[in-house]
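The values are calculated or read from the model by the stated rules, or taken from the named source; none is laboratory data. In this text the structure is predicted, and so the values were computed from the model without any measurement. Positions of Cβ are generated from backbone atoms using ideal geometry, with glycine treated the same way; all protein chains shown enter the neighbour counts. All accessible areas refer to the heavy atoms of the entire protein, side chains included, with ligands and DNA or RNA removed. Shrake-Rupley method; radii C 1.70, N 1.55, O 1.52, S 1.80 Å.
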Amino acid sequence: MRFQPKRNDKIGFIFFIAFVLSTSLIYQFEERFDQERWWTQPRMRYKMADDIIEKQLLIGKTKRAVIDLLGNAYATKSLGQETLVYRLGKPPSFSESKLEQLLVVFEDQKAIKVSRIQE
């Protein structure tokens, strides 16, 4: 007696393979942070922002270390927290795209939060 996979098993397997392939492709083509490209291609920074956030590259760094890595930013201060703001450029979009910014929030001289916002 030979094992015959059921129709639902075949469909599930196909979806699993599609998921693995799409995840691999996304990871392969995802832009990783590159300091040289960050400095020389400011309009393309939006491509590297997710890598900075996901890998928590700035968390725990001093303001000076962040500036040394990313360059000068627009500094603001609100509610006792110092914030550096970096322009990321405009990601492509089907609708009207808005400029994005990378926000680095400091507390006790250390970066505690990094997020992406729209202008």
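Of Glu100, Glu107, Glu82, which residue is among the acidic types (Asp, Glu) and either modelled with pLDDT of 95 or more or open to solvent by 70 Å² or more (accessible area, probe 1.4 Å) (or both)?
Glu107
Here are the criteria: (1) of a type in the set (Phe, Trp, Tyr); (2) free of Cβ contacts under 8 Å to residues at least 24 places away in the same chain; (3) open to solvent by less than 80 Å² (accessible area, probe 1.4 Å). Tell me which single one Phe94 does not satisfy.
The single condition Phe94 does not satisfy is (3).
How do the strands (runs of 3 or more DSSP E) wholly within the range 35-119 filter down when requiring 1 or more residues that are in contact with a Gly (Cβ under 9 Å, 6 or more places away or on another chain): which remain?
Ranges flagged: 81-89, 100-107, 110-118.
Count, please, the residues in the range 71-119 that happen to be among the basic types (Lys, Arg) and touching a helix residue (DSSP H, G or I) at 6+ places or on another chain (Cβ under 6 Å).
Residues in the range 71-119 being among the basic types (Lys, Arg) and touching a helix residue (DSSP H, G or I) at 6+ places or on another chain (Cβ under 6 Å): 1 in total.
Suppose the filter is free of Cβ contacts under 8 Å to residues at least 12 places away in the same chain, open to solvent by 30 Å² or more (accessible area, probe 1.4 Å), under 21 Å from Ile112 (Cβ atoms) and in contact with a strand residue (DSSP E or B) (Cβ under 9 Å, 6 or more places away or on another chain); does Ala65 pass it?
In short, yes.
In the range 68-78, is there at least one residue being open to solvent by 100 Å² or more (accessible area, probe 1.4 Å) and modelled with pLDDT of 85 or more?
Yes, the conditions are met somewhere in the range 68-78.
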